[in-house]
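The structure under discussion appears below in the form of structure tokens.
The values are calculated or read from the model by the stated rules, or taken from the named source; none is laboratory data. This is a predicted model, so every value here is computed, not measured. Please note: Cβ atoms are built from the backbone with ideal geometry, for glycine as well, and neighbour counts cover all protein chains shown. Areas reflect the complete protein model, heavy atoms only, side chains present, ligands, DNA and RNA absent. Shrake-Rupley method; radii C 1.70, N 1.55, O 1.52, S 1.80 Å.
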Amino acid sequence: MNAILLGPPGAGKGTQAERLCRSEALLHLSTGDLLRAAVAQGTDLGREATAFLDRGALVPDALVLALLEQPLAGRAAGEGFLLDGFPRNVSQAKALDEVLGEDALDHVIHLQLDDEEILRRLLERGRPDDSEEVVRNRLVVYRAETEPLVRYYADRGLLRAVDARGSIDEVEERVHSAIGAASGPVRA
Ligand code: B4P
């Protein structure tokens, strides 16, 4: 299975991706995590990305695509993947189609959450890019740049809408129902 997790900042993409990749044995590719790792390692790419992350802007497409190139090419034969936080705009989606071919995706899971709950969750998390001002900018960027992907993938019959309110376990159950996963959530 190859899938994308789409949704506003703080909807729980990273949280749900971790669980889904465990239960379905998928390769987890989070562009947010890859960018933060590049920043922490002080690579040239990380230094370039810092200013964008700090103000909640999208990092330029070329940098994000460069980060994904190796992990996507290096995946084991037949290994499914979950893209978490990528694509973030239509141009990234088109680049992905070019790299993988248009039939590569099985599901685009769309986590839906209102702005009030997003702010509550992110202010509680408190990552450096989770200040109220930066989160509000990330939301503006999401509506303008990322939300058009909902139509992009709905038109291709790939969109699976998931209500992201409620507990992490409840959302996980909904994700599994939305994709018709045979295995269901893994419980410790
Ligand atoms: P991301 O790393 O993708 O992060 P995010 O959208 O803020 O969070 P996510 O939805 O994963 O929420 P999480 O599970 O952590 O992006 C960060 C930045 O990187 C972007 O602003 C951008 O600058 C850059 N970037 C990333 N990808 C890019 C791309 N492709 N192109 C350009 N730029 C890119 O959950 C949030 C919090 O809520 C956590 O504390 C979690 O514990 C909590 N939570 C989750 N589910 C919950 C639930 N059901 N109930 C209560 N709390 C919950």
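Values for this structure:
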read-out: Which numbered condition R127 misses (of (1) modelled with pLDDT of 95 or more; (2) closer than 21 Å to L35 by Cα; (3) in contact with a Lys or Arg (Cβ under 9 Å, 6 or more places away or on another chain)); value: (1)
read-out: Region 45-58, residues that are in contact with an Asp or Glu (Cβ under 7 Å, 6 or more places away or on another chain) and either open to solvent by 60 Å² or more (accessible area, probe 1.4 Å) or assigned to a loop (DSSP other than H, G, I, E, B) (or both); value: D54, G56, L58
read-out: Any hit, region 152-160, residues being modelled with pLDDT of 95 or more and touching a Pro at 6+ places or on another chain (Cβ under 7 Å); value: no
read-out: Subset tally (residues that are at pLDDT 95 or above, assigned to a helix (DSSP H, G or I) and among the acidic types (D, E)) for region 59-96; value: 1
read-out: Qualifying residue in region 17-30 (condition: free of Cβ contacts under 8 Å to residues at least 12 places away in the same chain and away from the ligand (no atom under 11 Å from the Cβ)); value: no
read-out: Among (1) touching a Gly at 6+ places or on another chain (Cβ under 7 Å); (2) under 23 Å from A104 (Cβ atoms); (3) open to solvent by 50 Å² or more (accessible area, probe 1.4 Å) - the single one V39 does not satisfy; value: (2)
